[in-house]
Amino acid sequence: MRILLVEDDPTVAGFVAKGLREAGHVVEHSDNGRDGLFLAASETFDTIILDRMLPGGIDGIRLLETLRSQNNTTPVLVLSAMSQVDDRVAGLKAGGDDYLTKPFAFSELLARVEALTRRGKGDGPQTKLIVGDLEMDLLSRGVRRGGQKIDLQPREFRLLEYLMRHAGQVVTRTMLLEGVWDYHFDPQTNVIDVHVSRLRQKIDKPYPTPLIHTIRNAGYMLQPEAP
Amino acid sequence: MPFGLPRGQIFRSASLKLAAVYGVLFALSSYALVFFLWWATNDLLNQQVEAAIVADAQVFANAWTDGGLPPIIMAINARLAEDIEDSAIYSLNGPQLQPLAGNLNHWPANVVQAQQFYEVRVVRDGVPVVAMVYAYNLQGGAHLLVGRDIKSRAQLKHLLPGTLLYATVVVLALALVGSLVVRGLFRRMVADVSSTAAAIARGELDRRVPHAGRGDEFDAMADAINNMLDRIGRLMDGVRQVSNAIAHDLRTPITRARARLEDAASHAGTEAELRAAVERAVADLDAVTSVFQALLRIAEIEAGSRRSAFAELDLGPLLADLAELYAALAEDKGLTLTLRVPDTLPAYGDRDLVQQAVANLLDNAIKFSPSGGRITLAAEKIDGQVRLSVADQGPGIPEPDRMRATERFFRGEQARSTPGSGLGLALVQAVATLHEGTLLLEDSGPGLRATLVMRSMPPNPMPGHMKTGSSVPHGAATPTVAEPIH
């Protein structure tokens with residue numbers, strides 16, 4: 001994937017670019033808003049990682065608004081040292097697709113970037129999700145593994161749906177909390193782990209191979225084979 | 001100059017302006033009063049004269065009906081004889097205005113119309129006077145004139161300029177004295193406030209505006225200023241206390257991370273050891289970050305900027321969702337989480353913050369409950385307020401600690417061994433305050449019951465809000481039967 005990184009702090013930029021390249025992506029880097037806007041507008045990227053505060057007269061929000069006014073729909077992840085809720089809302093209102101507060105763990109950034117590109121592809125309305133021998137029918141809300149019906153609570157269904165929609169990607173606890181429960185705070189305890197473990201009891205325990213894998217220091221991944 | 005007002009700017013002095021305004025107003029109102037009194041007196045005198053003339057005329061009219069001219073002449077002479085005030089004027093003249101009786105030498109030239117008051121100069125008993133007269137035409141062509149000398153009114157008129165002159169002197173003197181008094185009062189009040197402000201600016205933060213104890217507006221203003229200063233003082237104490245606490249509480253994890261990194265840099269034998277040490281240091285720093293995050297969030301809530309996100313919300317499904325999220329965790333620890341919340345419970349607030357506050361309370365309850373314990377999440381509407389409570393069967397908070405439990409970084413004896421930052425209840429308290437509510441910490445025997453009290457309606461219902469607010473059937477919100485969640 002081609003990713004544009006607009007970030008003025010050389011340490012953070014270097015660390016992020018290195019990590020993204022290691023994960024197999026192509027990274028273009030710009031350290032100010034003007035060059036960033038030029039690159040974003042003139043070339044095609046799969047995702048843009050955009051710092052809010054940038055030197056050079058054009059800050060992240062301005063850049064984003066300009067880009068959106070030109071009908072550029074490249075998914076944008078906004079990075080910011082400002083964690084206030086209003087700032088998050090401002091970032092999303094300007095056309096950002098996701099918002100991540102500094103300091104962040106690289107695994108969180110990577111997971112969110114990969115989730116964004118998946119969303120950017122626009123698969124169209126799906127009625128069925130299939131991962132390995134696990135099938136989810138979104139219309140009848142039925143789940144089967146190896147042809148065997150599995151009963152899920154509504155919340156477990158939504159949790160599994162989220163994991164299946166992001167199959168093969170790392171999904172962090174925060175992403176699950178936001179995506180499945182629509183909560184935007186950081187619980188001090190491992191509430192999400194408990195729910196994932198319950199889901200595992202139902203879709204993994206009775207079967208020889210697990211589908212939900214724990215990724216250390218990051219989150220979870222749903223895929224047929226071990227990562 | 002007590003206020004450091006430069007000499008050249010004396011005419012800009014507010015106290016002088018106030019005094020001048022007072023003086024002018026006082027003088028104007030005094031003059032208005034004098035003129036009104038004079039005018040009223042004048043009017044009264046006129047009325048008296050007219051009444052006397054009419055009364056006399058009535059007497060003569062009676063005499064005329066008794067027997068024509070002779071009785072009138074007798075009556076006139078009798079009246080003149082007993083006129084003690086020496087002001088009556090009568091004149092009875094024949095058809096050619098030849099005098100028949102009375103004390104006028106000749107009929108006044110101006111008086112041509114009968115049945116009408118005239119103010120004329122006449123010669124009465126050889127003395128020229130100003131008189132008010134009234135003429136009657138009698139049957140048979142005779143003319144009767146009844147009048148009164150109005151010298152007293154003329155005297156009053158002459159009196160006025162002199163009186164006004166004296167009055168002006170007195171009024172000016174009083175206005176000056178009054179102005180000085182007003183100016184003095186004003187200056188004293190301003191001096192109290194400005195000297196207090198100056199002292200505070202110098203750093204004497206405990207100075208307050210003196211209170212005269214008269215309970216007047218100046219005292220009310222002094223109270224308002226003092227209350228403001230007290231509040232600022234408390235906030236500053238809070239800031240000082242928090243910054244001390246931050247410095248102290250963050251030093252520990254930072255020191256730990258630093259020690260790990262330094263130790264790894266000089267002693268790690270293998271790459272795996274080095275990697276492990278670095279990862280632990282990152283975890284320590286993450287903890288520091290989350291403390292900062294929580295502090296910033298509390299500060300943001302306390303600043304009140306989030307009130308823009310207030311909206312009407314239904315606590316029924318909101319709490320049910322939270323209970324569902326935490327029930328799994330509770331069950332894992334062998335606890336029962338019971339939900340005692342109506343299906344719909346309208347409230348007014350910030351959805352995210354209420355969720356976070358309740359999540360913090362549930363986190364605490366789960367953290368401190370012994371295995372087998374029971375946690376109850378309840379909510380009800382009482383007297384227009386929503387009471388949201390989380391009760392557990394844990395150790396509770398000892399009475400002396402309860403007041404301090406909501407301070408940032410405060411951790412009770414029993415809490416020291418559990419993980420946490422000591423910011424959870426501080427955030428709940430901040431959320432409660434933002435919602436103009438309170439956080440109550442009570443003994444639920446055994447255990448702790450934390451109750452968040454908040455409004456169920458917007459403070460000033462606007463028309464747009466009323467629509468949704470009134471469509472919610474308050475009476476229909478009945479509590480559901482308590483049942484454990486699985």
Notebook entry, point to check: Given the conditions (1) modelled with pLDDT of 90 or more; (2) farther than 26 Å from residue A:139 by Cα, and given that residue A:164 satisfies all but one, which numbered condition is not satisfied?
Noted result: (2)
Next item on the list: Considering only the stretch A:117-227, give the strands (runs of 3 or more DSSP E) lying wholly within it that have at least 1 residues that are in contact (Cβ under 8 Å) with a residue 24 or more places away in the chain, surrounded by 16 or more Cβ atoms within 10 Å (Cβ to Cβ) and among the charged types (D, E, K, R).
Entry: A:142-145
Check: Does any residue in the stretch B:385-406 that is of a type in the set (Lys, Arg) come within less than 8 Å, Cβ to Cβ, of a residue that is buried (at least 16 other Cβ atoms within 10 Å of the Cβ) and part of a loop (DSSP other than H, G, I, E, B) six or more places away or on a different chain, and which pairs are these?
Finding: B:404/B:410
Next item on the list: Give me a count of the residues in the stretch B:129-155 that are closer than 17 Å to residue B:52 by Cβ and not charged (D, E, K, R).
Entry: 15
Note to self: Among the residues that make up the stretch B:87-101, is at least one of them in a loop (DSSP other than H, G, I, E, B), of a type in the set (Ser, Thr, Tyr) and over 60 Å from the mean Cα position of the chain (by Cα)?
What the structure shows: yes
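Answer yes or no as to whether residue B:478 is modelled with pLDDT of 70 or more, hydroxyl-bearing (Ser, Thr, Tyr), part of a loop (DSSP other than H, G, I, E, B) and farther than 18 Å from residue B:326 by Cβ.
Numbers: modelled with pLDDT of 70 or more: no; hydroxyl-bearing (Ser, Thr, Tyr): yes; part of a loop (DSSP other than H, G, I, E, B): yes; farther than 18 Å from residue B:326 by Cβ: yes.
So residue B:478 fails the test.
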Check: Only one of these conditions is not met by residue B:353: (1) surrounded by fewer than 19 Cβ atoms within 10 Å (Cβ to Cβ); (2) within 12 Å of chain A (Cβ to nearest Cβ). Which number is it?
Finding: (1)
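So how many residues does the stretch B:216-257 have that are small (Gly, Ala, Ser), touching a residue at least 40 places away in the same chain (Cβ under 8 Å) and farther than 30 Å from residue B:277 by Cα? It would help to see each step written out before you state the result.
Our first condition is that a residue be small (Gly, Ala, Ser); within the stretch B:216-257, this holds for B:220, B:222, B:224, B:233, B:238, B:243, B:245, B:247, B:257.
Pick out the ones that are also touching a residue at least 40 places away in the same chain (Cβ under 8 Å) and you get B:245.
Those still in the list that are farther than 30 Å from residue B:277 by Cα too: none.
Residues that pass the stated criteria total 0.
Go through the stretch B:299-311 and give me each residue that's touching a residue at least 24 places away in the same chain (Cβ under 8 Å) and either surrounded by 18 or more Cβ atoms within 10 Å (Cβ to Cβ) or within 13 Å of chain A (Cβ to nearest Cβ) (or both). Before you say what the answer is, go through the steps one by one.
Our first condition is that a residue be touching a residue at least 24 places away in the same chain (Cβ under 8 Å); within the stretch B:299-311, this holds for B:301-302, B:304, B:306-307, B:309-311.
Listed by number, the residues that qualify are B:301, B:302, B:304, B:306, B:307, B:309, B:310.
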Note to self: Go through (1) touching a helix residue (DSSP H, G or I) at 6+ places or on another chain (Cβ under 8 Å); (2) closer than 21 Å to residue B:297 by Cβ for residue B:404 and report which single condition fails.
What the structure shows: (1)
Checklist line | Selection from the stretch A:13-37 of residues that are surrounded by fewer than 17 Cβ atoms within 10 Å (Cβ to Cβ) and assigned to a helix (DSSP H, G or I) | finding: A:14, A:15, A:18, A:19, A:21, A:22, A:34, A:35
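Working only within the stretch B:167-194, note down all residues that are of a type in the set (Val, Ile, Thr) and farther than 14 Å from residue B:24 by Cα. Lay out the reasoning, then the answer.
To start, the set of residues in the stretch B:167-194 that are of a type in the set (Val, Ile, Thr) comprises B:168-171, B:177, B:181-182, B:190, B:193.
Selection gives B:181, B:190, B:193.
Yes or no: the stretch B:101-124 includes at least one residue that is within 12 Å of residue B:144 (Cβ to Cβ), among the aliphatic types (A, V, I, L, M) and free of Cβ contacts under 8 Å to residues at least 24 places away in the same chain. Give the derivation first.
Start the filter on the stretch B:101-124 by keeping residues that are within 12 Å of residue B:144 (Cβ to Cβ), which leaves B:101-102, B:104, B:107, B:111, B:114-115.
Those left that are additionally among the aliphatic types (A, V, I, L, M): B:101, B:104, B:111, B:114.
Retained after the next criterion (residues that are free of Cβ contacts under 8 Å to residues at least 24 places away in the same chain): none.
Looking for residues that are within 12 Å of residue B:144 (Cβ to Cβ), among the aliphatic types (A, V, I, L, M) and free of Cβ contacts under 8 Å to residues at least 24 places away in the same chain, one finds none in the stretch B:101-124, hence no.
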Next item on the list: Can you work out which of the residues in the stretch A:44-92 that are within 14 Å of chain B (Cβ to nearest Cβ), assigned to a loop (DSSP other than H, G, I, E, B) and polar (S, T, N, Q) is surrounded by the most Cβ atoms within 10 Å (Cβ to Cβ)?
Entry: A:84
Notebook entry, point to check: Looking at the stretch B:435-447, is at least one residue surrounded by 16 or more Cβ atoms within 10 Å (Cβ to Cβ), modelled with pLDDT under 85 and over 28 Å from residue B:289 (Cβ atoms)?
Noted result: yes
Notebook entry, point to check: In this structure, does residue B:324 turn out to be away from every other protein chain (no Cβ under 13 Å) and surrounded by fewer than 20 Cβ atoms within 10 Å (Cβ to Cβ)?
Noted result: no
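For residue B:286, indicate whether it is farther than 21 Å from residue A:102 by Cα, within 14 Å of chain A (Cβ to nearest Cβ) and assigned to a helix (DSSP H, G or I).
So residue B:286 fails the test.
Which residue out of A:171, A:180 is within 12 Å of chain B (Cβ to nearest Cβ) and either touching a Lys or Arg at 6+ places or on another chain (Cβ under 9 Å) or modelled with pLDDT of 90 or more (or both)?
Numbers: A:171 fails: within 12 Å of chain B (Cβ to nearest Cβ).
Just one listed residue meets the conditions, A:180.
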Next item on the list: Can you give me the number of residues within the stretch A:93-114 that are farther than 25 Å from residue A:42 by Cβ and assigned to a strand (DSSP E or B)?
Entry: 3
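The values are calculated or read from the model by the stated rules, or taken from the named source; none is laboratory data. Worth saying up front: this structure is predicted, and the values here are computed from it rather than measured. All Cβ positions, even for glycine, are placed from backbone atoms using ideal geometry, and neighbour counts span all protein chains on display.
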